[in-house]
Amino acid sequence: MSILIIAEHDNASLAPVTSHVITAAAKIGGDIDVLVAGSGAQSVADEAAKLSGVSKVLLADDAAYGHQLAENLADLVAELGKSYSHILAPATTNGKNMMPRLAALLDVEQISDILSVESADTFKRPIYAGNAIATVQSSDSIKVITVRGTAFDACELNGSASVETVTGGHDKGISAFVGEDLAKSDRPELTAARIVVSGGRGMQNGDNFKLLYTLADKLDAAVGASRAAVDAGFVPNDMQVGQTGKIVAPELYIAVGISGQIQHLAGMKDSKVIVAINKDEDAPIFQVADYGLVADLFDALPEFEKAL
Amino acid sequence: MKILVPVKRVVDYNVKVRVKPDNSDVDLANVKMDMNPFCEIAVEEAVRLKEQGTATEIVVVSIGEAKAEEQIRKAMALGADRGILITTDEAPSSLGVAKLLKAIVDEEQPGLVLLGKQSIDSDNNQTGQMLAALTGMAQGTFASQLLIDGDKAQVTREIDGGLQTLSLNLPAIITTDLRLNEPRYAKLPDIMKAKRKPLDKKTAADYGVTLSNSVKVLSVEPPAERKGGITVGSVAELVDKLKNEAKVLS
């Protein structure tokens, strides 16, 4: 068996989630190659070469891959991927965007968001917002899979893979990058943070999220939000935790003013310890919380911060 | 411009599904069904494009059991002009659905296909991207804003780091995210009118597509239950528990 992993990166550095996908690949077994497709991404390839267990890194460096456009990338991976038994990518928005397109080009199904590797062809994945876990078996000749990063540990970094350049960058010419508006934050990344503090509709407005930022900075935590808070415009979409937002599984998840709809729980219920602060004692979030505090968040948050 | 909107019949988003005792699947007997919420956003966006004069006709298609006619009628009540219902014996795979949709795209030649980014039952997030591959079209997934300008679509996408804007050649495939719009409610007269709108009933064989699924579900289990927690009486007690019992704070 041989496995191709699509690296997640921003052309400057490798995203940590890639190393979690390596661990999933190691459980499948076989040679592991990593594809770094980007523009000016040599440093990413050098970083990927250090991931333990990787045989070689393929670097496809071309302007056509600079913004991870699915149209260009899927064509490249469909060509390169033919000789592999598995193609894996993290279940990030890049992975979710490109991998189904790739699968259809290869005339195979795609398996989304796996939580575990049972064998080389059998995997567990969540369905119905995580209210059920399906065990699925694929008979496809090439298995195209996205991996939930939080379900696998990071791999070691003592590898020394070779880096090979892949030539033939091709712009399909049907899509073009116009611009982006990326969140800038000094806080840890939401899906990788040890502690996550999240706010919901109970925060009442965007300004009040400052209370969460202050607490988060004291805890070295990331800040997330429920869909309700994002829909209401309190905070941007990249902070949404839930079924269709980001999936987090930190050591400590603090839900503040979040009622706990099933769609939100789908994104955080694998956290090790869950704290809920809500003034409504009937809020469903208390059913999954290890520690529940029935209190007005505007009293509790400043007190919490002072107690640390 | 003609817009094609595929919609899916799924369990109502408020329902917490249970796994069957034999672990073969989830139990959907007597469970309320509805249109997938992301598909509803796709229908709404198509209707708005028609109201703005950009779209001329909205064709809605659903694939699955015969009861999916209810979801097509709902889309019609919201403003879709006509429907295509393709019934299948078994729930088709994402690739199977994409192949059927490809056949419909070939027949209907829409200028735009609008789909939900994900259905809330299988949580796959695949069909739109697969259809884009099969038709060779550009894809604007997880859209939070869509502007049609001549033969281009400018789409703003919700990505992990924030927002990304792309320009796509038309025809293109767009999949909707939550913030694209807020769907309207159907008005009673429109629900009545929808009953008389044209609906074509087909089978997969009519399109020459053989459905097969190379991914087999071996079992379906409930997730690990979280142990019941405790209620603390004060912030001081909470911090004490987090430090000394859970040991997640130092």
**Item:** Those residues of the stretch B:211-250 which are surrounded by fewer than 16 Cβ atoms within 10 Å (Cβ to Cβ), in a helix (DSSP H, G or I) and either facing another protein chain (nearest Cβ under 7 Å) or among the polar types (S, T, N, Q) (or both), in sequence order
**Value:** B:Ala236, B:Asn244
**Asked** Just checking, which of B:Asn181, B:Asn169 is at the interface with another protein chain (Cβ under 7 Å from one of its Cβ atoms), at pLDDT 95 or above, closer than 24 Å to B:Glu57 by Cβ and surrounded by fewer than 21 Cβ atoms within 10 Å (Cβ to Cβ)?
**Response** B:Asn169
**Prompt:** Can you name every residue in the stretch B:103-123 that is in contact with a Pro (Cβ under 8 Å, 6 or more places away or on another chain), facing chain A (nearest Cβ under 7 Å) and surrounded by fewer than 24 Cβ atoms within 10 Å (Cβ to Cβ)?
**Reply:** B:Asp123
**Item:** Filter result for A:Thr191 (within 30 Å of A:Asp296 (Cα to Cα) and in contact (Cβ under 8 Å) with a residue 60 or more places away in the chain)
**Value:** yes
**Request:** Restrict the check to the stretch A:70-78 and report whether at least one residue is away from chain B (no Cβ under 12 Å), surrounded by 22 or more Cβ atoms within 10 Å (Cβ to Cβ) and either at positive phi or in contact with a Ser or Thr (Cβ under 9 Å, 6 or more places away or on another chain) (or both).
**Result:** no
**Message:** Among the residues in the stretch A:123-143, are any more than 14 Å from every other protein chain (Cβ to nearest Cβ), crowded, with 22+ Cβ neighbours inside 10 Å and touching a helix residue (DSSP H, G or I) at 6+ places or on another chain (Cβ under 6 Å)?
**Reply:** no
**Message:** Can you tell me which condition A:Ser116 does not meet? The list is (1) more than 17 Å from the chain's Cα centre (by Cα); (2) at pLDDT 95 or above; (3) surrounded by fewer than 20 Cβ atoms within 10 Å (Cβ to Cβ), and all the others hold.
**Reply:** (1)
**Prompt:** Looking at (1) loosely packed, with under 14 Cβ neighbours inside 10 Å; (2) modelled with pLDDT under 95, which is the one condition that is false for A:Thr150?
**Reply:** (1)
**Fill in**
Filter the stretch A:7-51 for residues that are within 14 Å of chain B (Cβ to nearest Cβ) and among the aliphatic types (A, V, I, L, M); the one that is farthest from the chain's Cα centre (by Cα) is A:Ala12
**Request:** Would you check if A:Val163 is aliphatic (A, V, I, L, M), crowded, with 22+ Cβ neighbours inside 10 Å and more than 11 Å from chain B (Cβ to nearest Cβ)?
**Result:** no
**Request:** Give the residues of the stretch A:120-163 that are part of a strand (DSSP E or B) and in contact (Cβ under 8 Å) with a residue 40 or more places away in the chain, sorted by residue number.
**Result:** A:Pro126, A:Lys143, A:Val144, A:Ile145, A:Thr146, A:Val147, A:Ser162, A:Val163
**Message:** Tell me yes or no: at least one residue of the stretch B:27-41 is at pLDDT below 95, surrounded by fewer than 21 Cβ atoms within 10 Å (Cβ to Cβ) and not polar (S, T, N, Q).
**Reply:** yes
**Request:** Those residues that are surrounded by 21 or more Cβ atoms within 10 Å (Cβ to Cβ), among the polar types (S, T, N, Q), in a helix (DSSP H, G or I) and more than 11 Å from chain B (Cβ to nearest Cβ), I need them from the stretch A:214-237; list them, please.
**Result:** none
**Request:** Hey, can you tell me all the residues within the stretch B:89-143 that are modelled with pLDDT under 95 and more than 18 Å from the chain's Cα centre (by Cα)?
**Result:** B:Asp89, B:Glu90
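The values are calculated or read from the model by the stated rules, or taken from the named source; none is laboratory data. All of these numbers come straight from a predicted model, not from anything done at the bench. Because the Cβ atoms are built from the backbone with ideal geometry, glycine has one as well, and the counts that use them run over all protein chains shown.
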